[in-house]
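Asks: Quick one: this structure, given as structure tokens, is what I'll be asking you about.
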Amino acid sequence: MVNFNRRHFLQGIAGALGAIGLSQFGLERRAVRYGQALAQSTPRKVALLVGINDYPARERLFGPVTDVELQKQLLIHRFGFNPSDVHTLTNQQATRQGILEAFDEYLIKQVNPGDVVVFHYSGHGGQVQEYERMRSQLDAANRDCIDASCQNTTLVPIDYSSRRDAVVDDIMGHTLLLLRALVPTENLTFVLDCCYAGGGKRGNVVMRSRQTDLEVASGDAPLITTLEDDYQQQLLSRLEWNFDQFVEAINSPVSNGFVVTSSRASQQSADYAFDGFTAGAFTYLLTQHLWQASQPLSVTLPAVASSTTSLSRYSQVPEYDPQGVRRVDETPVYHLPPVSPPAEAILLDATGSKADGSVQLWLGGLDPISLESFNSNAEFTQIDQTGSAIGTIKLLSRNGLVATGEWVERQTSRSGAAPSPLLQERLRGIPEVITLRVGLDDTLSDAEKATAQDLLRGFSAIEWTGLTLDPAARPPHVLLGRYTDTIDQRMALSGVERLPVVDSIGLFSATQEPLLLNSFGEPGETVEAALSRRLKAPLTSLLIGRMLALMVNQNASRLKVSLAIEHGSSRSGTATRGSSDDAILIPQQTDQGIEVIPVGNKATITVVNNESTDLHIGLLVIDAAGEISVVFPLASDNANVDIVGAGDTLPLPIRAIPPIGITQLLVMASTQPLRSAFRTLRRIAPEVRGSTSEASAEEVMRDMFGALDSRRGSTDSNPPPGPRLIDANAVAVLSLLFDVVSTT
């Protein structure tokens, strides 16, 4: 890869509605009154949000415009930005001139010291060569280039030149440095969700880069337009900087505000297909996290990195700049705390409902993994500005991030506080039938895909699906494909300790990374042999893992439960909404926001019941091979073996053992007994690992969801047919990742 300096780039840049049809609901108009009520007179809060989907056909993206809406609604409803101060440029509006003029007009000329400023960009990134016209100045300074690579990363506007042999009309990171220096406030945040290397389709996602890995690695970047040089000279004049001061600013670790990037310089940023829509994986997860928590930047980014790891195991680690300074450890991402309570959804028409009595909801605060539990029968609680419940809405249907619902109950606030359009999860509706969708990767031939389709039809609760970039399609959960030389070269750059053998068949993530290393066989194996002899067990493990993941509700649960893992002097953890913020511990020493534990090392898992009543607790470990182990409760005939008393702590010592890779902890806490459900998991675990039994997943579905279903009466052994309803007031499911690494 090109050896460009990431810190220089960070200093350089800083020193879905088009996809999901949300605009038709008039969210902007309906949010104005509420947004104005939240907006504070001082400091003023101003944002410029840029998202570009409509690049030329082969470079088209699907998620950036959705990113703009995700950020816009977060800033208005959670952080109190006035809607009139949140400016957006999408698609054909986002020309080079349009972006630069809007930045100058809204974020420089209209901003005063102490104001809060946010600039968000979602779209393609690129690499360009430095100017030839700088050569004399560089020679005089005895320098070959400003940056070590003689290249600079860029933002790619809608009207850039698509000719590969020509100059391009991009916006350089160096230009953004100058613009940033002109913003008259320290309270500035850049959020950039684009690639700086990579590019092209990968698995079932598109990477947000104009250039491919090979083009970036060759160092053969295009030239930048002379317009960019001329514009930089204008900015230097406004700053009264000479060339040496410009170079010093590029290389200086000191700068105002924050820069948050979606991935490292050598990595890719995914335009990710979620359930019914596409968005930037990073933007969605950052937005969703900020809907729930208010923490300093140095804590927020590792937490978001942990979430991106769950989607893309190794290829997307967010970064921020500056690092190692006090304000990063003390200041939130947007330099101010939220002005409203946490929420999962917004009531789009806060003043009434449609003629048929239904209402429209926007679900941008939900965890992406749980989205499929919000198609029907789920319920949300409307809250006032104090967080008190004032109504209940039941979902009837969902299309991407937009849902239709009906009122179950409406009431006035007992505290007298003003109603808000904010909605918090009350019930989620786990589908009665859960399937694992297997996408057939393009590393397989057409004949191999046909064979795989025929064989997968015989697997219970496992279905095949074609790969598609259609935002409305239901994306695959896992890919079946062949491990190629190209994938191997890319994975080697990620520093993964163990990799499959080239030409072996196995299971991949949606971003075409090996998902379960034990799912790969010998090189040259046929698809028929792989599916008939080896892959049924790991597919069943993934299906059970998916069932369990649909229940994770730590952001929404009101039970007071926390989970932590302690290894040596390091301690990381998570907690439910019902617990205090200080119960959430994120290890700052790890880029991916997850604990690293060498094989053989001991650690302690701690579960705390902060409720005033006893809770039934269960703890699972899902290792890098997808195998499930029950850590607690222990096998026993004691009816109360799964109980953790009110205010009690449950410490569980563990030792890190192979396989190498990401391991997940899952804690379930409930007001109802869990012993029978965990007895089932303990019994079927060996079957899942080694047999072709099809009953295992069905038993988990029946016993686990049956135990937690709020519809089950005190005398019912099983709930009635229909979606399983998980009550946020009665069930908490927490998830925490750690990485088992080798000692060599």
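Asks: Which order do the peptides 324-337, 532-545, 512-525 come out in when sorted by mean C-beta neighbours inside 10 angstrom, highest first?
Replies: Ranked from most to least packed, the peptides come out as 532-545, 512-525, 324-337.
Asks: Continuing with the same structure: So who's got an amide H within less than 5 Å of the one on L422, skipping anything under 5 residues away but keeping other chains? H placed 1.01 Å off N, in plane.
Replies: L347, I383
Asks: A further question on this structure: Want the number for R498 to V325: 0.36 nm per residue separation, take away the alpha-carbon distance, what's left?
Replies: Result: 58.7 nm gained on full extension.
Asks: With the Cα gyration tensor of segment 345-430 in hand, give its eigenvalues times 5 under a square root as the equivalent ellipsoid semi-axes, listed largest first in whole angstrom.
Replies: 20, 14, 11
Asks: Just to check I understand the Karplus step: with θ = phi - 60° and J = 6.51 cos²θ - 1.76 cosθ + 1.60, what whole-Hz values come out for segment 371-378, glycine and proline as x?
Replies: Along segment 371-378, the couplings run 4, 5, 8, 10, 9, 7, 6, 5 Hz.
Asks: I've got another one for you. If each of R60 and N256 carries a label point 7 Å out from its Cα toward its Cβ, how far apart are those two points in nm?
Replies: For the pair R60/N256, the computed spacing is 4.1 nm.
Asks: By how many nm would the segment from Q93 to T226 grow when fully extended, if each residue of separation counts as 0.36 nm and the alpha-carbon distance is taken off?
Replies: Gain on extension, Q93 to T226, equals 45.7 nm.
Asks: What are the ³J(HN,Hα) couplings of segment 599-606, residue after residue, when phi is run through the Karplus curve with 6.51, -1.76, 1.60 and θ = phi - 60°? Round to Hz, x for glycine and proline.
Replies: Per residue, the Karplus-derived 3J(HN,Hα) values read 4, x, 6, 8, 9, 10, 9, 10 Hz.
Asks: A further question on this structure: Given a cut-off of under 8 Å on Cα pairs at least six residues apart, what relative contact order in percent is computed for segment 336-406?
Replies: It comes to 30 percent, rounded to a whole number.
Asks: Based on the mean of other beta carbon atoms within 10 Å per residue, what is the order of 724-730, 76-82, most packed first?
Replies: For the peptides 724-730, 76-82, the packing ranking is 76-82, 724-730.
Asks: Give me R655, R675 ranked fewest to most by other Cβ atoms within 10 Å of their Cβ, as a rough exposure proxy.
Replies: With the sparsest Cβ surroundings first, the list reads R655, R675.
Asks: Let me ask another. How high is the FRET efficiency from E248 to S570, r the C-beta distance, R0 45 Å, rounded to 0.05?
Replies: After rounding to 0.05, the efficiency reads 0.75.
Asks: What ranking do 169-179, 46-56, 438-448 get when scored by the average of other Cβ atoms within 10 Å per residue, highest first?
Replies: 169-179, 46-56, 438-448
Throughout, read-outs are computed from the coordinates displayed, never taken from laboratory work. The structure displayed is predicted, hence computed values, not measured ones. FYI the Cβ positions are ideal-geometry reconstructions off the backbone, even for glycines, and counts take in every protein chain you see.
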